[in-house]
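One structure below.
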Amino acid sequence: MTNLAKIRQKFMLIVSILAVVDLLLVIYLLLPGSSQSGRTAEEKSLQNQLQTLSREVAPLQGIGDKLAQTRVDVKDLYRQNVPTEFSQISQHLEKLVQEAGVSTQGIHYKQDDARGAEEKNNLPDVKKIDIETNVIGEYAKVARFINAMEQDKYIFIIDQISLTSQESGVISLQIKFQTFLKET
């Protein structure tokens, strides 16, 4: 081969390499997202996703401290608002009855051991106590008794109320409610 043929062969090789590089650059420019506007749109989309995720995660920031405070609050609630003996519940209910100016026809307590074992998982170191009583008095005094129960330091959860009217404005209220007792 002559010198000119060798140069011509090298030139054709360089031109074909340049053509392949050109073709690759054209393909790169035609791909979506490779232009400036495509990259800007993608960046804006990513910023929107970041803002959305930041708003979703914001309530979880400091969750460890919040959980620790919740544990302290639950211990305080148990210590202050959950009695350790049935007699405390009885004495407290009698106090509420006297303060409201109503009378009762006995207070009946029921502790279901099967249910207590099931609920022990939900409320650690606490037993749920079912209580049933009849309260008799004038309507305003009975309402005062119910209000006192709802606002009391002990936790009383009213399940059912049956109201019966009697003579001379006196009413009878059958009430079923729950409270809690610390397990010892």
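Any read-out appearing in this document is the output of simple, stated calculations on the displayed coordinates, not a laboratory observation. Bear in mind the structure is a predicted one, so any value in this text is a computation, not a measurement. FYI the Cβ positions are ideal-geometry reconstructions off the backbone, even for glycines, and counts take in every protein chain you see.
Angle check, please: helix 3-30 long axis (alpha carbons) against the longest principal axis of the chain (alpha carbons), in degrees 0 to 90, nearest 10. Helix 3-30 and the main axis of the chain meet at about 20 degrees.
What the phi angles of region 152-163 give under the Karplus curve with 6.51, -1.76 and 1.60, with θ = phi - 60°, is a coupling list of 6, 5, 6, 8, 10, 10, 7, 9, 8, 10, 10, 10 Hz, glycine and proline written as x. Pairs exceeding a 21 Å alpha-carbon distance, out of Lys66/Lys153; Lys75/Lys95; Lys95/Lys141; Lys66/Lys128; Lys110/Lys176; Lys75/Lys176: Lys66/Lys153; Lys75/Lys95; Lys66/Lys128; Lys75/Lys176. Which one of Gln36, Ile107, Ile129 is farthest out on the positive end of the charge dipole of the chain, using unit charges on Cβ (Lys, Arg +1; Asp, Glu -1) and the Cα centre as origin? My answer, from the dipole projection, is Gln36. The candidate values were (i) 180; (ii) 135; (iii) 277; the one computed from these coordinates for volume of the Cα convex hull per residue in Å³ carries the label (iii).
Comparing Asn134, Asn81, Asn48 in a Gaussian network model of the chain, where Cα atoms under 10 Å apart are tied by springs, the biggest mean-square fluctuation is seen for Asn48. Of the residues Ser162, Ser168, the one with the fewest other Cβ atoms within 10 Å heads the list, and the complete ranking is Ser168, Ser162.
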